[in-house]
Amino acid sequence: MLENEINNNSFRPIHKTRLSKKEKLVYSLIKKIFIVIACFLFVYSFFYFEIGNPYYEFLLVTKGITTKGYITYVEEHEDVAEQNGNSRDVYNVYYEYTFITKDGKTIKSSESDVSPVSGYLHEANKNPIPITVKYIANHPEINFDNDKVQYCNTIVEYLWRRLIIYFIILLIGFTYIYKAMKNYLSESKKIDANIE
C-alpha cells in the first residue's frame with residue numbers, strides 16, 4: 001500500500017502538491033515579504049538609474065563646491081514620446097561640459113537631457129554655453145550640472161525629495177509585513193490549537 005502511495009505521488013506535478021494549512025501560511029508570509037522587498041528595490045533602482053546615486057547626491061548637496069563650467073559639445077537624437085494617447089517628437093540631448101576645480105584641474109564630464117524642440121543647446125558646438133557645476137573637492141569626477149532641476153540643491157530639498165519618499169515606501173512596506181506577521185501568528189495559533 002505504501003508503494004502505491006509513493007508511486008502515485010511521484011507522478012503528481014509539483015504545482016498540484018497540496019500544502020498543509022501551516023505550510024500555506026508560511027508560503028503566504030514569504031510571498032508578502034518578497035513583494036515588499038521587490039517593490040522597494042524597484043523604486044530604489046528607478047531613482048538610482050533615473051537620477052543617480054543618492055549617496056553621491058547627498059555628498060554634493062552637503063559638501064559640494066559650486067563653480068562655473070561650459071558646455072562644449074552637444075549631440076541630439078530624435079525620438080517619439082507618448083503621453084495620454086498622443087505622440088510627439090522629442091529630442092534626446094547628450095552634452096559634454098568642462099570645469100576647473102579649485103586646484104586648477106580641468107575636468108570633462110557629460111549629462112543628458114530631453115527637449116521638445118530641436119537645437120536645444122546646439123550653439124554650444126560653436127560657442128561654449130556657461131553653466132553652474134557642483135562637484136566634490138576630493139573627487140571632482142563626481143559632479144553635476146547644477147542648473148538642471150532633477151538634482152537637489154539644499155539639504156531640506158534632498159530630505160524631502162529623496163529620503164521622505166524612501167521612508168514612506170518603507171513605512172508602507174513594514175506595515176504590510178507587520179500585518180502579514182500578525183495574521184501568520186494568529187492563524188498559526190488557531191491551527192496548533194485545532195491539532196491539539
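We did not get these values from a lab; they are worked out from the coordinates using the rules stated. Remember, predicted model here, so these are calculated numbers, not experimental data. Note: ideal-geometry Cβ built from the backbone for every residue, glycine included; neighbour counts use all protein chains shown.
Residues Arg162, Arg88, Arg18, arranged from fewest to most other Cβ atoms within 10 angstrom of their Cβ, appear as Arg18, Arg88, Arg162. Dividing the Cα radius of gyration of segment 44-123 by 2.2 N^0.38 Å, with N the residue count, gives 1.38.
Using only alpha-carbon positions in segment 79-141, the gyration tensor eigenvalues give semi-axes of 32, 14, 7 Å once each is multiplied by 5 and square-rooted (largest first). What separates the Cα centres of segment 91-106 and segment 157-196 is a distance of 46 Å. Overall, segment 41-196 carries a charge dipole of about 780 debye about its Cα centre when +1 sits on the Cβ of Lys and Arg and -1 on the Cβ of Asp and Glu, all other atoms neutral. Rounded to the nearest 0.05, what FRET efficiency do Asn138 and Tyr178 give with R0 = 41 Å and r taken as the Cβ-Cβ distance? Could you check? With R0 = 41 Å, the Cβ-Cβ based efficiency is 0.45.
Taking the Kirkwood radius as Rh and the Cα radius of gyration as Rg, the chain has a ratio of Rg/Rh equal to 1.24. The residue list Thr62, Tyr166, Phe47 was ranked by how far each Cα lies along the charge dipole of the chain toward its positive end, using unit charges on Cβ atoms, and Tyr166 comes out on top. Converting phi to 3J(HN,Hα) with the Karplus coefficients 6.51, -1.76 and 1.60 and the offset θ = phi - 60°, segment 130-146 yields x, 9, 9, 10, 10, 9, 9, 4, 8, 9, x, 5, 8, 8, 8, 6, 5 Hz in sequence order, with x at every glycine or proline. Per-residue Karplus couplings for segment 111-124, computed as 6.51 cos²θ - 1.76 cosθ + 1.60 with θ equal to phi - 60°, are listed in order as 9, 9, 8, 10, 10, x, 10, 6, x, 4, 6, 5, 5, 5 Hz, Gly and Pro entered as x. Bridgeable lysines around Lys102 (alpha carbons under 25 Å apart, same-chain partners fewer than 8 residues away excluded): Lys63, Lys68, Lys134, Lys148. Estimated from helices alone, the mean residue ellipticity of the chain at 222 nm is -14500 deg cm²/dmol (sum of -39500 (n - 2.57) over DSSP H runs with n ≥ 4, per residue).
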